[in-house]
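**Q** Have a look at this one.
The values are calculated or read from the model by the stated rules, or taken from the named source; none is laboratory data. What you are looking at is a predicted structure, and each value in this text was computed from that prediction instead of being measured. All Cβ positions, glycine included, derive from the backbone under ideal geometry; neighbour counts span all protein chains shown. Ligands, DNA and RNA are excluded from the accessible area calculation, which covers all protein heavy atoms including side chains. Shrake-Rupley method; radii C 1.70, N 1.55, O 1.52, S 1.80 Å.
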Amino acid sequence: MEGFMHWLSVIGPTFQMGLIVLGLLLLSTAIVAVLTRAKPATDFSELAQRIRSWWFMAGFFFFSLIVHPDASLVLFAFLSFMALKEYFTLIHTRMEDHRVLFWSYLAIPIQYWWVYTEWRAMVVIFIPVYMFLFIPIRMILAGQPKGMTVAMSRIHWGLMLFVFCISHVGFLMKMPPTDMTPGGGRALVLYLVFLTEINDVAQYIWGKLFGGKLFGHRPIAPAISPKKTWEGFLGGVITTTALAAALQFMTGFPLAYSVGAGLIISIGGFFGDLVISCLKRDVGVKDTGTLIPGHGGILDRIDSLAYTAPFFFHFVNYFFYRIPW
């Protein structure tokens, strides 16, 4: 009985959030079905495709959480690999850099091994310090100085954003339950990922509904993403922050800290999305890939998470854990 009760206490946040996500997906699917019948002349195929992909992504994510926390660690390591692969496909790399890319990919299992073993110091310094120093050494051995500065910057930036930053989700999973955070790492990861994705959706919806109507069509960064308006940004911030407060039962945060988490996730998520939009505009593509129907590539889906994960992790660590490094 004690073992069963312990299992319920651990699986509780996953089950609660699963019901919320299931309800949202069912509602979205029903709305698209109604719209398709009510307006047969309008093409809703892309929207339907997006929702089908959400079913798959949500199911895969929750399955990994239920099986074992380490299964989620493998999932995010795989996402880091796919994101880095898409990134290297988009940017220009020299022939001499191809062997360096091998070491960049090898950094992924090493980084997540530090997370798995909870070697905190190595999680924090492996990529920002050791890979930062190693990449130029390997490039020097290739014997081609022309273009080396740009190549070093591009490769290391990709490692930082898509491996180092995303690995904070796995590190968050390792957080133990406390009096202030009774759900522990599993609940914190659910909270982070759900709010990050909802923030993207909310900003898109608010931008579609009111884009340009309140502030006279003033995009925040017109040269990068003309469709990202102040209405979408502010609507997303308000929606995500309100949900963060409403879901405080997931984390155990006091209300003020839940509001703070909502602000961090909504604002950080917006700029993560904008950074990858800038990258896509720079290389001249609409999407970073075609792996996820209706959404594009892995980068199109985890761009916001690359920013929200480290912001939220250090917010939680500072106020609730104070983990020594």
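**Q** When you go through Phe15, Phe61 one by one, which is the residue that is of a type outside the set (S, T, N, Q), touching a Leu at 6+ places or on another chain (Cβ under 9 Å), within 19 Å of Met250 (Cα to Cα) and open to solvent by 80 Å² or more (accessible area, probe 1.4 Å)?
**A** Result: Phe15 is the single residue among Phe15, Phe61 that is of a type outside the set (S, T, N, Q), touching a Leu at 6+ places or on another chain (Cβ under 9 Å), within 19 Å of Met250 (Cα to Cα) and open to solvent by 80 Å² or more (accessible area, probe 1.4 Å).
**Q** Right, something else. Could you tell me how many of the residues in the range 1-34 are at pLDDT below 75 and in a helix (DSSP H, G or I)?
**A** Total meeting the criteria: 13.
**Q** Looking at (1) in contact with a helix residue (DSSP H, G or I) (Cβ under 7 Å, 6 or more places away or on another chain); (2) open to solvent by 30 Å² or more (accessible area, probe 1.4 Å), which one does Val74 not meet, given that it meets all the others?
**A** Of the numbered conditions (1) in contact with a helix residue (DSSP H, G or I) (Cβ under 7 Å, 6 or more places away or on another chain); (2) open to solvent by 30 Å² or more (accessible area, probe 1.4 Å), the odd one out for Val74 is (1).
**Q** To continue, here is another question. Can you name every residue in the range 171-200 that is over 17 Å from the mean Cα position of the chain (by Cα) and part of a helix (DSSP H, G or I)?
**A** Gly184
**Q** Okay, moving on. Name the single residue, out of those in the range 161-198 being surrounded by 24 or more Cβ atoms within 10 Å (Cβ to Cβ) and of a type in the set (S, T, N, Q), that is nearest to Gly236 (Cα to Cα).
**A** Only one residue fits best here, namely Thr196.
**Q** Also: Are there any pairs, at least 6 apart or on different chains, whose C-beta atoms fall under 8 Å, with the first in the range 284-300 and in contact (Cβ under 8 Å) with a residue 24 or more places away in the chain and the second of a type in the set (A, V, I, L, M) and in a loop (DSSP other than H, G, I, E, B), and if so, which?
**A** Here the result reads Gly297/Leu291; Ile298/Leu291, each pair linking the range 284-300 to a residue that is of a type in the set (A, V, I, L, M) and in a loop (DSSP other than H, G, I, E, B).
**Q** Moving on. Only one of (1) closer than 24 Å to Gly18 by Cβ; (2) surrounded by 14 or more Cβ atoms within 10 Å (Cβ to Cβ) fails for Ala107. Which number is that?
**A** For Ala107, the failing item is (1).
**Q** In the range 77-104, how many residues are open to solvent by 40 Å² or more (accessible area, probe 1.4 Å), closer than 17 Å to Met131 by Cα and hydrophobic (A, V, I, L, M, F, W, C)?
**A** Residues that pass the stated criteria total 3.
**Q** Let me confirm something: among Ala48, Ala83, Ala77, which residue is over 30 Å from Ile155 (Cβ atoms) and not acidic (Asp, Glu)?
**A** Matching residue, one of Ala48, Ala83, Ala77: Ala48.
**Q** If you take the residues of the range 128-159 that are over 12 Å from Trp103 (Cβ atoms) and charged (D, E, K, R), which of them is modelled with the lowest pLDDT?
**A** Lys146
**Q** I would also like to ask the following. What number goes with the only condition from (1) surrounded by 16 or more Cβ atoms within 10 Å (Cβ to Cβ); (2) in contact with a helix residue (DSSP H, G or I) (Cβ under 7 Å, 6 or more places away or on another chain); (3) at pLDDT below 85 that Pro219 does not pass?
**A** (2)
**Q** Restricting the search to the range 24-50, which residues are within 19 Å of Val201 (Cα to Cα), open to solvent by 90 Å² or more (accessible area, probe 1.4 Å) and not charged (D, E, K, R)?
**A** Leu26, Leu27
**Q** State all residues of the range 47-76 that are more than 15 Å from Arg301 (Cα to Cα), under 15 Å from the mean Cα position of the chain (by Cα) and among the small types (Gly, Ala, Ser); if no residue qualifies, say none.
**A** Ser72
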